Amino acid sequence: MLKKRIAVLVSGGGTNLAALLEAEKSGVISSGHIVLVVSDRPRAYALERAQAAGVKTCLLDKKALGGQQEFELQLQKLLDEECIHLIVLAGFLSILSSGFTRRYEKRIINIHPSLIPAFCGPGYYGLKVHEEALKRGVKLSGATVHFVNEIADGGEIIAQQTVPVSPGDTPQSLQQRIMEQAEWKLLPQAVEEVCRAIND
Ligand code: GRF
């Protein structure tokens, strides 16, 4: 079976991308191949991680391009040229328009650092998610992988992993535990599962 061609969209440090690249090397991801990494902003360390792994990178600087619409136009061209089957949002901070997500029904997945439907939706990203979880006093948090549609964090849930909240946790310590114990395992597993299910 031909491996599905995967594009990973990033905006930041790229620890989830690193987990995906490691998973492809170790064979956890065997039905897909990461062929492209795209960032919407210039100083994303994720781009360096991709280059170090020999993966093609492209910077589509949303600010320099003049905004989301132009960004999506360029992204669309790139994804078509690279014959991409699956788009993985890994620490990607731009909200994709409904026009874009409708073209990729069940072909875009995202990792969110909470147990959706808790602590998700517009404005819930990065440390803010964990600040709210700690403020609410939840004893369990975790991560969710879901399909992306026009509703922020609203697409069908693919997988979830719980992570205990420790007394004295800060947003940073909770974020780190959720990345280590949940995100970096869940996303590669979900990518493999979705690649197997794609029979283009
Ligand atoms: C982290 O908050 C992670 O939970 C979320 O995006 C942020 C950065 O991820 N998915 P990464 O290190 O850029 O993969």
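Where a number appears in this text, it was derived from the coordinates with a stated rule and is not lab data. Note that the structure is predicted; figures quoted are calculated from it, not measured. Backbone-built Cβ (ideal geometry, glycine too); neighbour counts: all protein chains shown.
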- Task: Sort the range 126-200 into rounded, prolate or oblate with this rule: let a ≥ b ≥ c be the square roots of the eigenvalues of the Cα gyration tensor; rounded if a/c is under 1.5, and if a/c is not under 1.5, prolate when a/b is larger than b/c, oblate otherwise.
- Result: prolate
- Task: Give the total of Lys-Lys pairs in the chain with Cα-Cα distances below 18 Å; include a pair only if its members are 8 or more places apart or on different chains.
- Result: 11
- If the viscosity is 1.567 mPa s and the temperature 4 °C, what Stokes-Einstein diffusion coefficient in µm²/s follows for the range 59-108 when Rh is the Kirkwood radius over Cα pairs? 113
- Query: Roughly how tilted is helix 68-81, in degrees to the nearest 10 and between 0 and 90, from the longest Cα axis of the chain?
  - Reply: 60
- Query: Could you give the dipole magnitude of the range 103-200 about its Cα centre, charging the beta-carbon of Lys and Arg +1 and that of Asp and Glu -1, in debye to the nearest 20?
  - Reply: 180
- Provide the net charge surrounding H33, with neighbours chosen by a C-beta distance below 13 Å and charges set as Lys +1, Arg +1, Asp -1, Glu -1. +2
- Please give the helix 127-136 orientation as an angle from the longest Cα principal axis of the chain, in degrees from 0 to 90, rounded to the nearest 10. 30
- Message: To the nearest 20 Debye, how big is the dipole of the chain about its Cα centre, given +1 on the beta carbon of each Lys and Arg and -1 on that of each Asp and Glu?
- Response: 120
- Rounded to the nearest 10, the angle in degrees between the Cα long axis of helix 15-26 and the longest principal axis of the Cα atoms of the chain comes to 70
- Task: Enter the Cα centre distance for the pair the range 31-93 and the range 140-188, rounded to the nearest angstrom.
- Result: 22
- Message: Of all beta bridges DSSP finds with both residues in the chain, what is the antiparallel percent, to the nearest 5?
- Response: 40
- Rh (Kirkwood, all Cα-Cα pairs) for the chain, Å, reads 16.9
